[in-house]
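Trainee: One structure follows; several queries about it will come next.
The values are calculated or read from the model by the stated rules, or taken from the named source; none is laboratory data. Please read all numbers here as calculations on a predicted model, not as lab measurements. Neighbour counts run over all protein chains shown; Cβ positions are idealised from the backbone, glycine included. Side chains included, ligands, DNA and RNA excluded: accessible areas come from the protein's heavy atoms. Shrake-Rupley method; radii C 1.70, N 1.55, O 1.52, S 1.80 Å.
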Amino acid sequence: MKLKHLLLSFLLVFSWGTFAQSGLDYYLPKNVTYNQKIPTPRQFLGYDVGEMHASPYEINAYWKEVARLSDRFKIEPYGKTFENRELLFVTISSPANLSKIDQLKDDHKKLTDPSKSGSLKIKDMPVVVWLGYSVHGNEASGTNSSLLTAYYLAAAEGKQIDSLLNESVIVIDPCINPDGGTRFSSWVNQNRSSALVSDANSREFKETWPGGRTNHYWFDLNRDWLYQQLPESRGRLVKFYEWQPNILTDHHEMGSNSSFFFQPGVPSRTHPMTPQSNINLTEKIGKYHAAALDKIGSQYFTQESYDDFYYGKGSTLPDVNGSIGILFEQASSRGHLQETVNGPLSFPFTIRNQFTCTLSTLRAGKDMREELLTHLRDFYAEKPKDDVKAYVFGGGNDRVRVWETVNILRRNQIEVYKLGKNEKVNNTDFEKETSYVVPLSQPKHRLITSMFEKRTTFKDSAFYDVSAWTVPLCMNIPFSESKVSLSLGDKVQENLFPEGTVLGKSTYGYLFEWDGYYVSRAAYELLSKGFVLKYATEPFSAVVNGQEKKFGYGTVQIICKGNDPAALLETLAKRDGITFYAQTTGLTPSGIDFGSEKFRVMDVPVALMITGDGVDYNDAGEVWHLLDQRVNYPLAFADISQVNRMNLSKYTHIILNNGRYGDLSDDAIRNYVQRGGVLIALGEGAVWASQKKISSVGIKPGVSNNGNEKRPYVLKNVYDGALETAGTIFETKIDISHPLCYGYKQDFLPVFKVNNIAFEDTKNPYDTPLMFTSNPLIAGYVHPKNYERFKNTPTAVAQRSGAGKVISFSDNPNFRAFWYGTNKLFLNALFFGKGI
């Protein structure tokens, strides 16, 4: 009996993942000779692939060494991370192709131009395949497998590799997220035992918060492909659009108890802008992966769990750009060897699957070369079928958000034009000086539609990611679709930052409005330099260049005390896009005078953000990034265990993001608020504050999809998933006289909802400055039961508690750094929260 159990254990280990040190024979194709001048990974690193977790520094160094020795490689940096790590881009082909690579690139790019693509001889053109490894730093089998990709493509000899390189241009991003990858590789290597430990409870498999998945600011880089708010994404997408690859692979990992996934995803969750031809080609390529994995005895699945809907991911943005995006998900060993329901799962085994599918992708690309090139050409040659002729946007009270909208469109190589003349579209006036037009009569019409549409109907009710991402709603700028062609001015060739100016000179005082996106940055710099700032709690007018001008809530007064700060203000005006208005008297033509108590002193905020186990690191990172990168504000953050022992009295504000706060001392936070502190609580952070009676916000109970009707057990996940609100845009009614809403001029504001949290109405007419309207859905999916819960409920509540304040947000106003339109709500809580 014991012998039988030992034999069974051996078979499980052998079939699922070899965990002994694995040489190249374990990974590489059989019957291939290799150029001895190219060092193997072991010769360069000193250990076998999979024996240790190679650091991003080691991986990049190996790629550079191979590129130095191979005439098949061209390597270049495409950017740097926030931690100043280099991001590499490698172009691989035959020496003959590399000698004319610029011409091949230009010809390939012509496939996206219908005016030129018809004359191209596709049968003579190479296919372009993009391989991207480990956008999530702790999904290390991808980027470690790139070591094998480098060796094989540089050193392999024979007719097969020659044919592949002659008919292909292979472009590679070997380590997409070196900041996260460095954190992760350091952790698992530091906790590795010589006698490998497979117990899933071992420290090796339990990264410390925030883990290595994310970049420096704890962002998920795989959600930033479309908006490109982060340097890693911006550099990468320049290369993507430079090459317009036919196939793009995106190598990931998933839960350890799974197997291996490759696309297509769930058929009903493909975005309607993705053509059927893309789905057909994805399925055809999938057969190559299946055959390759069958050959090495690996299990896999497809058309489950993952979808192709949100175009902000690495495997889906290609689909709306004429490419075939392929997601690979490998069950993660998360260390070197981990026990799973399928038996021990080794790091080498996970690497082998990733490398195997790299080779199957290259094989499919070569075999389907003409089919893939034709798909790219036909994708861009197809004319739009929608009645919409153009989208127009612009105006409003913040030129910076309009400017960034143009940037996002142009980063995605969408043609943007100035409006040719003043237009009225769907009862909205657009002025030519401040407005832009995006016509649909251009090759990128599918991508344009996906970025501007307000879709509310879907084939499926479950989403792997968000269900709506309408750009002008994210930016909170006026826009409209037009079913007639609009007047076009000049095409935008250069999008200059909308600098501000200083009007007049004064030793008495200056004013600036709170409308602009970067006003918080200017205010903090002035405060940090010792200036006294006051903000208006009521409207007034002042004389500007001899004319009376109206100023709204939140307008800031700079007190000069006999000195003229014009030189500093000129710098801030240009940097932040703000207009400063010189004032020589405190007497105003109407409304409050400058010496009124209704001008309140703005205090310097001293904020602490609570971090650590249980806190949503994405949400916390978004706050950190916003304040650090866009406000130049030095945010302190401390883990829960540390906060429980700290003296909190030095902080004016404490920030609780979405997360679980079971270990946080509610007495410490309650006392902090009662003594005059401001608590900013978001999402589950607001729920925790409510449950602990720190705030008096009521939380509506959740809903269930169960009923008296009996259903098949297999459908439970379908019905439960339909209740999730994963990313939907709603309309709120706002009170622009409330400090949380200073700087807004409109009555209605679009907000993004990524949870099912619903606040009860407080019955206080003054503490709910943002309320969902009676029919709030603008774009995206929401279950009918949750929709009823959300209607006419507060999404932000500002309450007094003792001597302090609690400001509760049901949702995240800083979502993924691209939701510019509601950042001001959060920043207002920081700069005006004490005065509520």
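Trainee: Starting from the Cα of LYS121, step 7 Å along the direction of its Cβ; do the same at ARG800; then give the gap between the two resulting points in nm.
Mentor: Result for the modelled spin labels: 8.3 nm.
Trainee: With label points built 7 Å along Cα→Cβ from the Cα atoms of VAL32 and SER649, find their separation and express it in nm.
Mentor: 6.9 nm
Trainee: Roughly how many Å² of THR768 are accessible to a 1.4 Å probe, to the nearest 10?
Mentor: Near enough 20 Å² of accessible area.
Trainee: Determine Rg/Rh for the range 479-610; Rg is computed over alpha-carbon atoms and Rh is the Kirkwood hydrodynamic estimate from the same atoms.
Mentor: Values: Rg = 17.5 Å, Rh = 16.4 Å.
Reported Rg/Rh, Kirkwood definition of Rh: 1.07.
Trainee: First measure r as the distance between the Cβ atoms of ASN708 and LYS383, then evaluate 1/(1 + (r/R0)^6) with R0 = 51 Å and state the FRET efficiency to the nearest 0.05. Write out the running numbers ahead of the final one.
Mentor: Numbers: r = 51 Å, r/R0 = 1.00.
Rounded to the nearest 0.05, the efficiency is 0.50.
Trainee: Give me the extension gain from GLU283 to ASN84: residue separation times 0.36 nm, minus the current Cα-Cα distance, reported in nm with one decimal. Provide the component values of the computation, followed by the final result.
Mentor: Working: separation 199, 0.36 × 199 = 71.64 nm, distance 3.93 nm.
This chain segment gains 67.7 nm when fully extended.
Trainee: Taking every Cα atom in the range 25-169, find the radius of gyration and the maximum pairwise distance Dmax, and write them in Å.
Mentor: Rg, Dmax (Cα atoms, Å): 16.8, 53.
Trainee: Considering amide H positions built from the backbone, and no H for Pro or chain starts, which residues 5 or more places from GLU253, or on another chain, come under 5 Å of its amide H?
Mentor: Under 5 Å from the amide H of GLU253: GLN330.
Trainee: Additional query: When only the heavy atoms of the protein chains count and the probe is 1.4 Å, how do GLU453, GLU760 rank by accessible area, highest first?
Mentor: Values: GLU453 30, GLU760 70 Å².
Most to least solvent-accessible, the answer reads GLU760, GLU453.
Trainee: Related question: According to the Cα gyration tensor, what semi-axes, each the square root of 5 times an eigenvalue, does the equivalent ellipsoid of the range 418-501 have, listed from largest to smallest in whole Å? Present the calculation step by step, with values, prior to reporting the outcome.
Mentor: Numbers: eigenvalues 144, 51, 37 Å².
Values for the range 418-501, descending: 27, 16, 14 Å.
Trainee: What 222 nm value per residue comes from the helices of the chain, counting each DSSP H run with n ≥ 4 as -39,500 (n - 2.57) and dividing by all residues, nearest 500 deg cm²/dmol?
Mentor: Values: 26 runs with 261 residues, N = 836.
Taken over the chain, the calculation gives -9000 deg cm²/dmol.
Trainee: For the range 673-712, what ratio Rg/Rh do Cα atoms give with a Kirkwood hydrodynamic radius?
Mentor: Working: Rg = 16.5 Å, Rh = 12.7 Å.
A ratio of 1.30.
Trainee: Go through the range 88-96 residue by residue and turn each phi into a ³J(HN,Hα) via Karplus (6.51, -1.76, 1.60, θ = phi - 60°); whole Hz please, and just put x for glycine and proline.
Mentor: 9, 10, 10, 10, 10, 6, 5, x, 5
Trainee: Could you point to the label whose value was computed as volume of the Cα convex hull per residue in Å³ for the structure here, given (i) 216; (ii) 306; (iii) 187?
Mentor: Matching entry in (i) 216; (ii) 306; (iii) 187: (iii).
Trainee: Hey, could you get me the Stokes-Einstein D for the range 719-773, Kirkwood radius over alpha-carbon pairs, 10 °C and 1.306 mPa s, rounded to whole µm² s⁻¹? Walk me through the numbers on the way to the answer.
Mentor: On the way: Rh = 12.7 Å.
Estimated diffusion coefficient is 125 µm²/s.
Trainee: With a 1.4 Å probe and every protein chain left in place, tell me how much accessible area VAL49 has, in Å² to the nearest 10.
Mentor: The accessible area comes out at roughly 10 Å².
Trainee: I'd like the FRET efficiency for LYS574 and ASP25, computed as 1/(1 + (r/R0)^6) with the beta carbon distance as r and R0 of 45 Å, rounded to 0.05. Provide the component values of the computation, followed by the final result.
Mentor: On the way: r = 62 Å, r/R0 = 1.37.
With a Förster radius of 45 Å, E is 0.15.
Trainee: Okay, moving on. Return one number: the angle in degrees, 0 to 90 and rounded to the nearest 10, between the long axis of the Cα atoms of helix 347-367 and the longest principal axis of the Cα atoms of the chain.
Mentor: Rounded to the nearest ten degrees, it is 80.
Trainee: What base-10 log of the normalised intensity I(q)/I(0) is obtained for the range 66-145 from the Debye formula, alpha carbons as equal point scatterers, at q = 0.11, 0.23, 0.27 Å⁻¹?
Mentor: -0.44, -1.15, -1.30
Trainee: Rounded if a/c is under 1.5, else prolate if a/b is larger than b/c, else oblate: which is the range 324-417, with a ≥ b ≥ c the root eigenvalues of its Cα gyration tensor? Show your work: numbers first, answer last.
Mentor: On the way: a/c = 3.91, a/b = 1.75, b/c = 2.24.
Note, shape of the range 324-417 comes out oblate.
Trainee: Next question. For LEU88, list long-range residues whose amide hydrogen, built 1.01 Å from N in the peptide plane, is under 5 Å from its own amide hydrogen.
Mentor: The answer is TYR78, CYS175.
Trainee: Translational diffusion coefficient, Stokes-Einstein: compute it for the range 194-299 using the Kirkwood radius over C-alpha pairs as Rh, at 25 °C and 0.890 mPa s, and state it as an integer in µm² s⁻¹.
Mentor: On the way: Rh = 17.6 Å.
Translational diffusion coefficient: 139 µm²/s.
Trainee: Moving on. Longer than 28 Å from Cα to Cα, which of LYS700/LYS733; LYS424/LYS454; LYS110/LYS159; LYS418/LYS483; LYS444/LYS785; LYS239/LYS389 are they? Say none if no pair is.
Mentor: Details: LYS700/LYS733 20 Å; LYS424/LYS454 20 Å; LYS110/LYS159 30 Å; LYS418/LYS483 18 Å; LYS444/LYS785 37 Å; LYS239/LYS389 30 Å.
Over 28 Å Cα-Cα: LYS110/LYS159; LYS444/LYS785; LYS239/LYS389.
Trainee: What full-extension length gain, to one decimal in nm, is calculated for THR434 and ASP490 as 0.36 nm per residue of separation minus the Cα-Cα distance? Intermediate values should be presented prior to the final figure.
Mentor: Numbers: separation 56, 0.36 × 56 = 20.16 nm, distance 1.29 nm.
My answer for the length gained is 18.9 nm.
Trainee: Something else: Projected area of the range 685-792, taken from the Cα convex hull and averaged over every viewing direction, in nm²?
Mentor: Numbers: hull surface 34.3 nm².
For the range 685-792, averaging the hull's shadow over all directions gives 8.6 nm².
Trainee: Can you give the FRET efficiency for LYS692 and LEU69, using 1/(1 + (r/R0)^6), R0 = 60 Å, r = Cβ-Cβ distance, to the nearest 0.05? Mind showing how you got there, number by number?
Mentor: On the way: r = 62 Å, r/R0 = 1.04.
So, using R0 = 60 Å, E works out to roughly 0.45.
Trainee: Now a separate question. Rounded to the nearest 10 Å², what accessible area does LYS432 have for a 1.4 Å probe in the complete protein model?
Mentor: 90 Å²
Trainee: List the trypsin sites (Lys or Arg not before Pro) within the range 35-76 that fall in a DSSP loop (any state other than H, G, I, E or B) and whose Cβ has at most 15 other Cβ atoms within 10 Å. Kindly include the intermediate steps, with their values, before the conclusion.
Mentor: Details: sites: LYS37, ARG42, LYS64, ARG68, ARG72, LYS74; in loops: LYS37, ARG72.
Passing sites in the range 35-76 are LYS37.
Trainee: What whole-number value in cubic angstrom gives the convex hull volume per residue for the C-alpha atoms of the range 618-714? Walk me through the numbers before you get to the answer.
Mentor: On the way: hull volume 15.2 nm³, N = 97.
Value for the range 618-714: 157 Å³ per residue.
Trainee: Still on this model: So for the chain, averaging the separation of alpha carbon pairs under 8 Å that are six or more residues apart and normalising by length, what relative contact order in percent results?
Mentor: 11 percent
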